[in-house]
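These notes are about the structure you will find just below.
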Amino acid sequence: MPRPTLRLVIGLLCASIVLVVAVVTLAITYTVSVNAVRDTGERLSEAISSTVSHEVRSFMARGEDDVLALKNLTRVPGVTLPPDHPEFATGEGWALPWRHIARSMGMRVNYTYSSISLIFMDGSLIASLDHQDARGWYIDGAQSARRLPNGTEYRTITQTEFHTVTKQLWDNAAQGGPPPRVVHDMNSTRTALQPLQFMGFRDTCIYFPPSIDTNDVRPRLILYGICSMYNYSNVLLGTINIGVFLDELPRFLQGTSKTPNTHLMLVDSYRMLLGSTYPATALEYGRTGELRQGQNCVASSDGWVGCRAFARDYPYPPMQAVV
């Protein structure tokens, strides 16, 4: 039997080495590729989570930002504040610039504020608010406190009603009568100043847990906030108030930069849901007696109840695993 030549032995050895190197290289390439894909996926996931978190924080902070903007504006030297306006005691021109500001703030958020208002110590107010009876209509107006020489108090109200989509003005014939007033009586306005006592008449803001509002054709949960209002000389003027509807949250969460198969749930410090994209009820409404009222429910004075799901009870297993 002929012996293999040295050239053949060397050739086979080189081929084996090349094969081993190729296998090792492939293994290294595969490992590096998997790690690279995993790292890229993790970075992308972190970027998406960070983006969505920023979007949600920005959305939830809009009301607070607008209130603080008004609060800071009243302290700017040279700004003519309503009590300093020459028409404050007799006319209505004192309110017009502030009505425009409040209306523009409502427009910026597509009228998802239930109200934004400035209430002064004498009961005067400026308000931009959701219509009390007709869905889709908004009111922009002001109330002036007046006092006759004999000491009798009364009020004058000026307001404009417009549709949030068409921007058309209210027509008494088409709408079946005149719209409701901005406020119904002087006392209700002064009641809105009572939180100043809880705030110790300090330059601060307070925010309340979600409450139920029925100034509409259906009940809606609302977040309310109140800030004390001071001028440049640190004189207390009244309060700045805002209400934010919560029923727009699911649509907003669905439109964030999340991936298509991701669900978002917004949970507050009470461990209750504010909104969710998952198809299970997060907010439930009913009349008194229809819903079993627990710690997760709030009631209105006219018999409506709104209940929010506890995070621990919400039927979405991934969330239940982390709360």
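The values are calculated or read from the model by the stated rules, or taken from the named source; none is laboratory data. Because the structure is a prediction, the values reported are computed rather than measured. Glycine gets a Cβ as well: all are built from the backbone with ideal geometry, and neighbour counts include every protein chain shown. Accessible surface areas use protein heavy atoms only, side chains included; no ligands, DNA or RNA. Shrake-Rupley method; radii C 1.70, N 1.55, O 1.52, S 1.80 Å.
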Open item on the list: What's the total number of residues in the stretch 269-292 that are surrounded by 15 or more Cβ atoms within 10 Å (Cβ to Cβ), more than 20 Å from the chain's Cα centre (by Cα) and either under 22 Å from Val56 (Cα atoms) or not hydrophobic (A, V, I, L, M, F, W, C) (or both)?
Closed with: 1
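Suppose we filter the stretch 192-205 for residues that are in contact (Cβ under 8 Å) with a residue 40 or more places away in the chain and not in a loop (DSSP other than H, G, I, E, B); how many remain? Before you say what the answer is, go through the steps one by one.
Here is the first cut: in the stretch 192-205, the residues in contact (Cβ under 8 Å) with a residue 40 or more places away in the chain are 192-193, 195-196, 205.
Filter again for not in a loop (DSSP other than H, G, I, E, B), leaving 195-196, 205.
Residues in the stretch 192-205 being in contact (Cβ under 8 Å) with a residue 40 or more places away in the chain and not in a loop (DSSP other than H, G, I, E, B): 3 in total.
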Task: Unmet criterion (only one of (1) under 30 Å from Pro219 (Cβ atoms); (2) assigned to a helix (DSSP H, G or I)) for Trp94 - done: (1)
TODO: Mind listing just one residue for me: the one in the stretch 181-205 that is open to solvent by 40 Å² or more (accessible area, probe 1.4 Å) and within 20 Å of Ser128 (Cα to Cα) and, of those, modelled with the highest pLDDT?
DONE: Thr191
TODO: Test Ala61 against the criterion of being open to solvent by 20 Å² or more (accessible area, probe 1.4 Å), over 22 Å from Asp130 (Cβ atoms) and modelled with pLDDT under 90, and give yes or no.
DONE: no
Open item on the list: Criterion first (out of contact with any strand residue (DSSP E or B) (no Cβ under 9 Å at 6 or more places or on another chain), assigned to a loop (DSSP other than H, G, I, E, B) and under 27 Å from Ser114 (Cβ atoms)) does Val52 satisfy it?
Closed with: no
Task: Test for Tyr111: is it without any contact (Cβ under 8 Å) to a residue 40 or more places away in the chain, of a type outside the set (Asp, Glu) and out of contact with any helix residue (DSSP H, G or I) (no Cβ under 6 Å at 6 or more places or on another chain) - done: no
TODO: Go through the stretch 206-241 residue by residue and tally those that are of a type in the set (Ser, Thr, Tyr), modelled with pLDDT under 90, surrounded by fewer than 19 Cβ atoms within 10 Å (Cβ to Cβ) and not in a loop (DSSP other than H, G, I, E, B).
DONE: 2
Open item on the list: For the structure I just gave you, tell me whether Asp171 is in contact with a strand residue (DSSP E or B) (Cβ under 7 Å, 6 or more places away or on another chain), free of Cβ contacts under 8 Å to residues at least 40 places away in the same chain and over 30 Å from Arg251 (Cα atoms).
Closed with: no
Task: Within the stretch 231-264, tally of residues that are farther than 25 Å from Arg108 by Cα and either in contact with an Asp or Glu (Cβ under 7 Å, 6 or more places away or on another chain) or aliphatic (A, V, I, L, M) (or both) - done: 3
Task: Every residue from the stretch 261-282 that is touching a Ser or Thr at 6+ places or on another chain (Cβ under 9 Å) and closer than 15 Å to Arg220 by Cα - done: Ala282
Open item on the list: Need a quick list: strands (runs of 3 or more DSSP E) entirely within the stretch 100-180 having at least 1 residues that are among the basic types (Lys, Arg) and open to solvent by less than 20 Å² (accessible area, probe 1.4 Å).
Closed with: 137-147
Task: the stretch 271-291, residues that are among the β-branched types (Val, Ile, Thr) and assigned to a strand (DSSP E or B) - done: Thr288
TODO: Go through the stretch 112-135 and give me each residue that's modelled with pLDDT under 85 and either basic (Lys, Arg) or in contact with a strand residue (DSSP E or B) (Cβ under 6 Å, 6 or more places away or on another chain) (or both).
DONE: Asp122, Gly123, Leu129, Asp130, His131, Arg135
